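Novice: Got a structure for you, questions after.
Derivation of every value follows stated rules applied to the coordinates shown; laboratory data play no part. Worth saying up front: this structure is predicted, and the values here are computed from it rather than measured. Every residue, glycine among them, receives a Cβ derived from its backbone with ideal geometry; neighbour counts consider all protein chains shown.
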Amino acid sequence: AAAAAVVRGLALAVLLVLSPIGATRQARRPNVVLILTDDQDVCLGGMTPLKKTNALIAQMGITFLNAYVPSALCCPSRASILTGKYPHNHHVVNNTLEGNCSSKLWQKIQEPYTFPALLKTVCGYQTFFAGKYLNEYGAEDAGGVGHVPPGWSFWYALEKNSKYYNYTLSVNGKARRHGENYSVDYLTDVLANMSLDFLEYKSNLEPFFMMISTPAPHSPWTAAPQYTNSFQNVSAPRNSNFNIHGKNKHWLIRQAKTPMTNSSIQFLDNAYRKRWQTLLSVDDLIEKLVKKLEVNRELDNTYIFYTSDNGFHTGQFSLPIDKRQLYEFDIKVPLLVRGPGIKPNQTNKMLVANIDLGPTILDIAGYDLNKTQMDGMSLLPLLRGDKNVTWRSDFLVEYQGEGYNGSDPTCPGLGPGVTHCFPDCVCEDSYNNTYACVRTLSSSWDLQYCEFDDREVFVEVYNLTADPHQINNIAKTIDQEILEKMNYRLMMLQSCSGATCRTPGVFDPGYRFDPRLMFSNHGVRARRFSAQTL
């Protein structure tokens, strides 16, 4: 009888584990969904088309009004999201294999320690990825689409850069080719359907993490057929820095032709409209995802993050279209979050960055952040509305410019060193468009201090309280003591790692400045900047 009772007890225990009650106990840890768009600005109206996303995420949660990326380019920014590190610590400097974008070195040194890898191996999450990963993912020299990064239970990754049709996906390491039939191939919709399938068939015994990385609104801006006539009367915003000469700025900005030609303006207006059109399919994806979570009774236990890898510009300082620059329109991004314990319809003005996403999601999963080498901070105290939270007042922006050794074929007269040139020979990048900035937001200052690694060691400084569109460079008129403190703070941040990236900023009460530690010779400063791999 005793033996029979033991057997019945064991059977009951097994039933409890397999039953919905047991599954509920196992799945109490929150689920997390991260939606990452590609090149979506926030400064120039990039969130305007997303009415459903605004209703389902922003109005049901929190909007961060000062969310930034540490590098305004796809691959370095995405590497920062995955690692929680600044570019100088993950060493991805541009969108090429040579720049460490999805290279074998990246795969060996950084990929095993990304936050999804920790979620899966340490926290026991089932993990799902769908969409654009890194720009050079799938390159033959780095393992092709057969390479599945550690940390992903389900892997549906786009080969190379964003497309909407005629692309290849790595489906758990196997190549799947897609054509140009809207009903089965339009990538944003394919990602939506894959996500819904995962939610339908996943295990209910483990919490889940999903990362859905859309091509929209990246070029070639191919809208779904039902949206190709949307926004016909929309044009790029004509704000105060549109189509003006970038006086007192780095030479790359000054070389832009002002005023822009009518054909350039027509081109960028068309691009702006098409970008919005592509985002309507993202809006549909969000709606489908939230409805499915609701049907599954998982919405109340799921955090949903919505953000972009960088901003974008359309005509600012007469630069037609791109990102890569140090200004707000390129480094500022949307960040919306809803989830357990987050009150609806909130805004938050704290200075946050995409290096905070990894620590935040690990914190949600219960991982000890002291065990990581991440540079970012967990947003969880801000999401919960904790009182008296000590927060950063500055962060680092860094970018290493790209340029051809030879002349750009579009504009041979400009000589070597430039790239991404338009037919009228306005170039969006150059090898010495290499800069680092301290972006400060405190109770007393809304400031950006930047230094270029070029022969001039060119400096740009903006007081965004008085000059939100960054038209007037005040480097030559700002108080010299502030200039010196910002220069020193920049050097400190450029060499920071982990906790040292979170030390008090120039205008914080705990900040300590010793002028004796300053370099007296700007040439020494420039050589140090150049020697350090951003």
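Novice: Once label points are set 7 Å from the Cα along Cα→Cβ at both Asp141 and Leu65, what is their separation, rounded to one decimal in nm?
Specialist: The modelled label-to-label distance comes out at 4.6 nm.
Novice: Let me ask something additional. To the nearest 20 debye, what is the magnitude of the charge dipole of the range 340-391 about its Cα centre, counting +1 on the Cβ of each Lys and Arg and -1 on the Cβ of each Asp and Glu?
Specialist: Charge dipole of the range 340-391: 240 debye, to the nearest 20.
Novice: Relative contact order, percent, of the chain when contacts are C-alpha pairs under 8 Å separated by at least 6 residues? Display every interim value, and only then the final one.
Specialist: Values: 1127 pairs, mean separation 106.0, N = 534.
The value is 20 percent.
Novice: Enumerate the calculated ³J(HN,Hα) couplings along the range 242-252 in order (Karplus 6.51 cos²θ - 1.76 cosθ + 1.60, θ = phi - 60°), each rounded to whole Hz, writing x wherever the residue is Gly or Pro.
Specialist: 7, 6, 10, 6, x, 5, 6, 10, 3, 4, 5
Novice: Can you compute the modelled spin-label distance between Asp514 and Asn239, with each label point 7 Å from Cα toward Cβ, in nm?
Specialist: Placing both labels 7 Å along Cα→Cβ, they lie 4.1 nm apart.
Novice: Let me ask you something else. Stretched out fully, how many nm does the piece from Trp251 to Asn181 gain, at 0.36 nm a residue minus the Cα gap?
Specialist: Numbers: separation 70, 0.36 × 70 = 25.20 nm, distance 4.51 nm.
Fully extending the segment from Trp251 to Asn181 adds 20.7 nm.
Novice: Over the range 16-157, what relative contact order in percent results from Cα pairs under 8 Å that are six or more residues apart? Working shown, then result.
Specialist: Numbers: 143 pairs, mean separation 23.5, N = 142.
In percent, rounded to a whole number, it is 17.
Novice: Roughly how tilted is helix 2-18, in degrees to the nearest 10 and between 0 and 90, from the longest Cα axis of the chain?
Specialist: Helix 2-18 and the main axis of the chain meet at about 30 degrees.
Novice: Under the Karplus relation 6.51 cos²θ - 1.76 cosθ + 1.60, θ = phi - 60°, what is the ordered set of whole-Hz ³J(HN,Hα) values for the range 209-215, x standing for Gly and Pro?
Specialist: For the range 209-215, the Karplus-derived couplings read 10, 10, 10, 10, 10, 7, x Hz, x marking Gly and Pro.
Novice: Right, next: Figure the gain on full extension for Glu287 and Thr500 (residue separation times 0.36 nm, minus the Cα-Cα span) and round it to one decimal in nm.
Specialist: 72.6 nm
Novice: Determine, for each peptide in 325-332, 178-185, 231-238, the mean count of other beta carbons within 10 angstrom over its residues, then list the peptides with the highest first. Mind showing how you got there, number by number?
Specialist: Values: 325-332: 25.1, 178-185: 11.8, 231-238: 13.8.
Peptide ranking by packing, descending: 325-332, 231-238, 178-185.
Novice: So how strong a dipole does the chain carry about its Cα centre when Lys and Arg Cβ are +1 and Asp and Glu Cβ are -1, to the nearest 20 debye? Before the final figure, lay out each step's value.
Specialist: Details: 51 positive and 50 negative charges, 229 e Å.
My answer is approximately 1100 debye.
Novice: At a Förster radius of 60 Å, what calculated FRET efficiency corresponds to the Cβ-Cβ distance of Asp197 and Asp424, to the nearest 0.05? Mind showing how you got there, number by number?
Specialist: Working: r = 47 Å, r/R0 = 0.78.
Efficiency at R0 = 60 Å is approximately 0.80.
Novice: Would you please give the FRET efficiency between Asn405 and Glu456, computed as 1/(1 + (r/R0)^6) with r the Cβ-Cβ distance and R0 = 22 Å, to the nearest 0.05?
Specialist: For R0 = 22 Å, the calculated efficiency reads 0.55.
Novice: Further, regarding this structure: What angle do you read, to the nearest 10 degrees and between 0 and 90, between the alpha-carbon axis of helix 74-83 and the longest principal axis of the chain?
Specialist: Roughly 50 degrees, rounded to the nearest 10.
Novice: Could you tell me which of the pairs Lys249/Lys323; Lys249/Lys332; Lys288/Lys387; Lys163/Lys349; Lys160/Lys291; Lys120/Lys387 are separated by over 28 angstrom between their Cα atoms in the structure shown?
Specialist: Those over the limit are Lys288/Lys387; Lys163/Lys349; Lys160/Lys291; Lys120/Lys387.
Novice: Mind giving me the FRET efficiency for Asn296 and Ile474? R0 is 35 Å, r the Cβ-Cβ distance, nearest 0.05 is fine.
Specialist: Values: r = 53 Å, r/R0 = 1.53.
The computed FRET efficiency comes out at 0.05.
Novice: Next up: Please compute the length gained on full extension between Lys371 and Thr258, using 0.36 nm multiplied by the number of residues separating them and subtracting their Cα-Cα distance.
Specialist: Net length gain for the segment: 35.5 nm.
Novice: Further question: Tell me whether the range 92-201 comes out rounded, prolate or oblate; compute the Cα gyration tensor, take square roots of the eigenvalues as a ≥ b ≥ c, and use a/c under 1.5 as the rounded threshold.
Specialist: oblate
Novice: Quick check: the angle from helix 480-494's long axis to the longest principal axis of the chain, C-alpha only, nearest 10 degrees?
Specialist: 40
Novice: Roughly how far apart, in whole Å, are the Cα centres of the range 290-349 and the range 181-250?
Specialist: When both Cα centres are located, 12 Å separates them.
Novice: Applying the Karplus parametrisation 6.51 cos²θ - 1.76 cosθ + 1.60 with θ = phi - 60° to the phi angles of the range 396-412, what ³J(HN,Hα) value in whole Hz is obtained for each residue in order, glycine and proline being reported as x?
Specialist: 9, 10, 8, 8, 10, x, 10, x, 6, 5, x, 6, 5, x, 6, 9, x
Novice: What is the distance in Å between the Cα centres of the range 353-391 and the range 92-150?
Specialist: Distance between centres, Cα-based: 22 Å.
Novice: What number, rounded to the nearest 500 deg cm²/dmol, is the helix-based mean residue ellipticity at 222 nm of the chain, given -39500 (n - 2.57) per DSSP H run of at least four residues and division by all its residues?
Specialist: -8000 deg cm²/dmol
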